[in-house]
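**Q** I have a structure here, written as structure tokens, and I will follow up with some questions on it.
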Amino acid sequence: MSVLVKKEEIRLLSGNEAIARGAFEAGVKVASGYPGTPSTEILENFVRYEGVYAEWAPNEKVAVEVAIGASMGGVRALATMKHVGVNVAADPIFTASYTGVRGGLVIVTADDPELHSSQNEQDNRHYAVAAKIPMLEPSDSFEAKEFTRLAFELSEKYDTPVFLRTTTRISHAKGVVRLEEPAGPAFPPGFTPDPAKWVMLPVNAKRRHVVVEERTKALREFAETWDGNRIEWGDRSLGIITSGVSYPYVKEAFPEASVLKIGLAWPLPERLFREFAAGVSRIVVVEELDPHLETHVKTLGIPAQGKELIPIVGELDPRIVRQAITGEAISVRAPETVPPRPPNLCPGCPHRGLFFALKKLKVTVTGDIGCYTLATLPPLGAMDSCICMGASIGNAHGMEKALGPDGAGKVVAVIGDSTFLHSGVTGLMNVVYNRGISTVILLDNDITAMTGAQENPATGKTLHGEPTRRTDLPALCRALGVEHVYTVNPHDMKQTEKVLRREVARPEPSVIITKAPCALLPEHRRKKRPVYEVIADLCTGCKACSRLGCPAIEWVPFTPEESVAAGKKARQKGMSRISPLLCDGCNQCPPLCKFQAILEKKS
Amino acid sequence: MSVPRGDVFLAGVGGQGTLLASEVLCDALLLSGFDVKKSEVHGMAQRGGSVTTHLRFGPKVYSPLIEPGKADLLIAFEKMEALRFAHYLRPGGAMVVNAQEIFPPSVATGQERYPQDVAERLRAVTDRLHMVDALAAALSMREVRTVNIVLVGAASHFLPLPEAAYEEALKARLPEKFVAVNVQAFRAGRALLQPALLQ
């Protein structure tokens, strides 16, 4: 599907859609990324444009390396990732800062203050400072598109990679965007050998470091005069310095105040800050997470308030900003107390079968990043750790080495297909190499599920939807030196448990691949599946099925009178019911019922 | 009712289609010449958890987030979710609530009961409470997935847009084969509330 291009069209786009549009308008030819909330939709939208190439890389490091290669080849290139993805990609990023670019090179970091879907809330503006790479920070979708275009121009003009930083409320908020005609770089593609620039031997890198420092000075001059860094004079009694999504919150909370809006988060101007400070009687810096702008302001010797008023944890909103600055508590109705509704594995999720079986083994489970991290929550409660992408395998190995013979057969690593390919392979190689005995469970649901179903090297399809060779997961594990690799159907919990018990006891590394498609995949949803029901007369209310934690299985509580009226014993406290709207027909619950009360529903 | 600006808060359960509903509302508002901002969260929360959308329109909108106590309209796709986010409604704001109950894990596993007094507690928040059975309306069209658009239809009484704007938005947003049933769902939803009953 191609997105139509019309002149001067106004569209309502999310920040991510706007970045994709901006990249298309900037003539980007190659884009690579790894899915991660809140960045995923950038490439999913970009790939729909005519004449572009986009791909899912196995991880963010590879994505950045691909983008660097494309830039060397003389085309504009984009790499996208979530904030923690930049940690993975930091190695090539820091040296790309030295080499600079040929075609414009832009790296999107989508940060997640409030941890809506992340394991930490790191502030990636620090990366701009540390890697000496300029960073643009849009405040809404409109700027997201404009800044993306600008990022490519700056990249080529100053011979540097450029960061574009969003946060969840930029990436996933919609706003009006002005579409323009695409315009690429003013030179043709092609690689020109230039070892002094591209081969970072110490002797060359030393000289490039000098170039980097000069470049930062030039960019600081740009920061003084670019209108994306601007003063909006208002009431001079309050001056607010802000950037990113905090800017609209400030405009909403203090429409009269003077505002210094920063669009380039690094490098920061100096004269502009001084001009602003001279014009207002009180300065407050309003920014989410760390005191990045505030530290700079204070380094200049400008007295300002910041994190003593504005929270360092979580995201802001206009109310938080208003209360923090005025000190006035605005009374609103207290939230009502209702039962919590945390996210849960979907009905029909194959992971549920695995974790139900795994819980019975009473082993320590080192976990990883994916939907299956939700198995931590009750009633499954079958995960003990989750650090970062790929960590489960190294964690299990380390714990076994720590526990010695006492730990044998007591630790299991759990990791998804996409996460394994992202950064679990090296962990497994390490287990084999260093004479470990870990049991690794590879949850292969044939998709990168958590981020909304993206292809990966083991699914057999590219981001463009073309068929491709699949990474053969069992063959890969064997190639790493794992002799015991078994594939099970996790919906068959009895068989799964049997294999688990056998492999956990084995004093050698083994991999159990639980293979069943994600219940949300369209191919699965199109299949005709049975729907199960609880035969009320047979249900004794033993709750064996409830322990699955399936959203489709509902508990109907009884009073003693209701119980008797239903022909049950007075002490039966209720019965199970299966919602026909939610049941996916996975057949996990029927074998759990000793009373054969769960049967296929006759249509 | 005609307002030059408004804050609409949508609350539901992951998988109920709140996203499509808010897209349709946004498109209809944009087509009618409003500035619009909308914010929601993707990713982990969508797996059966509470999901919310903040939708704001007016001549010029800055913040994509609605402050607690400021929403003019709360559209809840599930009864208990209305209660969870009732504090976002401004005094005198309106609520359109789907009477459907979806059990959260603690209720589904029998740890606690689904609150029995949701309607009364909602009425204590606002006397402009409109409870509708969007699920029944969707099932009567043999398309359970249209619950979201039925609710858009019911809520449309509280937004300053002509019916045509919604239908145009549905046509622009959906694949052709789903347009007819969704337009039907919108009309069915709109018919659930009689303008005469509305304050």
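The values are calculated or read from the model by the stated rules, or taken from the named source; none is laboratory data. These numbers were taken from a predicted model, which means no experiment stands behind them. Reconstructed Cβ throughout: ideal geometry from the backbone, glycine too, with neighbour counts over all protein chains shown.
**Q** For A:ALA402, all conditions in the list (1) closer than 20 Å to B:PRO105 by Cβ; (2) aliphatic (A, V, I, L, M); (3) surrounded by fewer than 18 Cβ atoms within 10 Å (Cβ to Cβ) hold save one; what is the number of the exception?
**A** Going through the list (1) closer than 20 Å to B:PRO105 by Cβ; (2) aliphatic (A, V, I, L, M); (3) surrounded by fewer than 18 Cβ atoms within 10 Å (Cβ to Cβ), A:ALA402 breaks only (1).
**Q** A further question follows. B:ARG142 fails exactly one of the following numbered conditions: (1) surrounded by fewer than 16 Cβ atoms within 10 Å (Cβ to Cβ); (2) assigned to a helix (DSSP H, G or I). What is the number of that condition?
**A** With (1) surrounded by fewer than 16 Cβ atoms within 10 Å (Cβ to Cβ); (2) assigned to a helix (DSSP H, G or I) applied to B:ARG142, the lone miss is (2).
Yes/no matrix, rows are residues, columns are (1) without any contact (Cβ under 8 Å) to a residue 40 or more places away in the chain; (2) away from chain B (no Cβ under 14 Å); (3) within 18 Å of A:ILE19 (Cβ to Cβ):
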residue	(1), (2), (3)
A:THR95	no, yes, no
A:TYR98	no, yes, no
A:VAL108	no, yes, yes
A:GLU114	no, no, no
A:LEU136	no, yes, yes
A:THR167	no, no, yes
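**Q** Determine which member of the set A:GLY585, A:GLY567 is out of contact with any Lys or Arg (no Cβ under 7 Å at 6 or more places or on another chain), in contact (Cβ under 8 Å) with a residue 12 or more places away in the chain and on the phi > 0 side of the Ramachandran plot.
**A** Only one candidate qualifies: A:GLY567.
**Q** Does A:GLU287 satisfy being in contact (Cβ under 8 Å) with a residue 24 or more places away in the chain, among the acidic types (Asp, Glu), away from chain B (no Cβ under 14 Å) and in contact with a helix residue (DSSP H, G or I) (Cβ under 7 Å, 6 or more places away or on another chain)?
**A** It is true that A:GLU287 is in contact (Cβ under 8 Å) with a residue 24 or more places away in the chain, among the acidic types (Asp, Glu), away from chain B (no Cβ under 14 Å) and in contact with a helix residue (DSSP H, G or I) (Cβ under 7 Å, 6 or more places away or on another chain).
**Q** Look at segment A:347-401 and say how many of its residues are of a type in the set (Val, Ile, Thr), in contact (Cβ under 8 Å) with a residue 12 or more places away in the chain and not in a loop (DSSP other than H, G, I, E, B).
**A** Adding up the residues that qualify gives 5.
**Q** So is A:ALA505 within 19 Å of A:VAL411 (Cα to Cα) and surrounded by fewer than 15 Cβ atoms within 10 Å (Cβ to Cβ) or not?
**A** Here the answer is yes, as A:ALA505 does meet what is asked.
**Q** Looking only at segment B:144-187, which residues are among the aliphatic types (A, V, I, L, M) and over 17 Å from B:ALA28 (Cβ atoms)?
**A** Listed by number, the residues that qualify are B:VAL144, B:VAL147, B:ALA180, B:VAL181.
**Q** Taking A:MET389 as the residue in question, decide whether it is surrounded by 20 or more Cβ atoms within 10 Å (Cβ to Cβ), among the hydrophobic types (A, V, I, L, M, F, W, C) and closer than 24 Å to A:CYS589 by Cβ. Lay out the reasoning, then the answer.
**A** Values: surrounded by 20 or more Cβ atoms within 10 Å (Cβ to Cβ): yes; among the hydrophobic types (A, V, I, L, M, F, W, C): yes; closer than 24 Å to A:CYS589 by Cβ: no.
Here the answer is no, as A:MET389 does not meet what is asked.
**Q** Identify all residues within segment A:525-548 that are under 30 Å from A:PHE420 (Cα atoms) and either crowded, with 22+ Cβ neighbours inside 10 Å or free of Cβ contacts under 8 Å to residues at least 40 places away in the same chain (or both); write none if there are none.
**A** A:ARG525, A:ARG526, A:LYS527, A:LEU548
**Q** Now, a different point. For segment B:188-199, give me each residue that is surrounded by fewer than 18 Cβ atoms within 10 Å (Cβ to Cβ) and either modelled with pLDDT of 95 or more or among the hydroxyl-bearing types (Ser, Thr, Tyr) (or both). I'd like the intermediate steps shown before the answer.
**A** Here is the first cut: in segment B:188-199, the ones surrounded by fewer than 18 Cβ atoms within 10 Å (Cβ to Cβ) are B:191, B:194-199.
Residue satisfying the conditions is B:ALA191 alone.
**Q** Can I ask one more? Going through segment B:67-86 one residue at a time, which ones are modelled with pLDDT of 95 or more and either more than 10 Å from every other protein chain (Cβ to nearest Cβ) or farther than 16 Å from B:ARG128 by Cβ (or both)?
**A** B:ALA71, B:ASP72, B:LEU73, B:LEU74, B:ILE75, B:ALA76, B:PHE77, B:GLU78, B:LYS79, B:MET80, B:GLU81, B:ARG84
**Q** Go through A:VAL86, A:VAL64 for me and flag whichever is under 22 Å from A:GLU44 (Cβ atoms), surrounded by 24 or more Cβ atoms within 10 Å (Cβ to Cβ) and in contact with a Pro (Cβ under 9 Å, 6 or more places away or on another chain).
**A** On the way: A:VAL86 fails: in contact with a Pro (Cβ under 9 Å, 6 or more places away or on another chain).
On inspection, the qualifying residue turns out to be A:VAL64.
**Q** Could you grab me the full set of residues in segment A:541-578 that are part of a loop (DSSP other than H, G, I, E, B) and in contact with a Phe, Trp or Tyr (Cβ under 8 Å, 6 or more places away or on another chain)? Give the derivation first.
**A** Residues of segment A:541-578 that are part of a loop (DSSP other than H, G, I, E, B), as a first pass: A:541-545, A:549-552, A:558-559, A:566-573.
Scanning segment A:541-578 gives A:GLY541, A:CYS542, A:LYS543, A:PRO551, A:ALA566, A:LYS568, A:GLN572, A:LYS573.
**Q** In segment A:428-438, is there at least one residue being of a type in the set (A, V, I, L, M, F, W, C), touching a strand residue (DSSP E or B) at 6+ places or on another chain (Cβ under 8 Å) and not in a helix (DSSP H, G or I)?
**A** Within segment A:428-438, none of the residues are of a type in the set (A, V, I, L, M, F, W, C), touching a strand residue (DSSP E or B) at 6+ places or on another chain (Cβ under 8 Å) and not in a helix (DSSP H, G or I).
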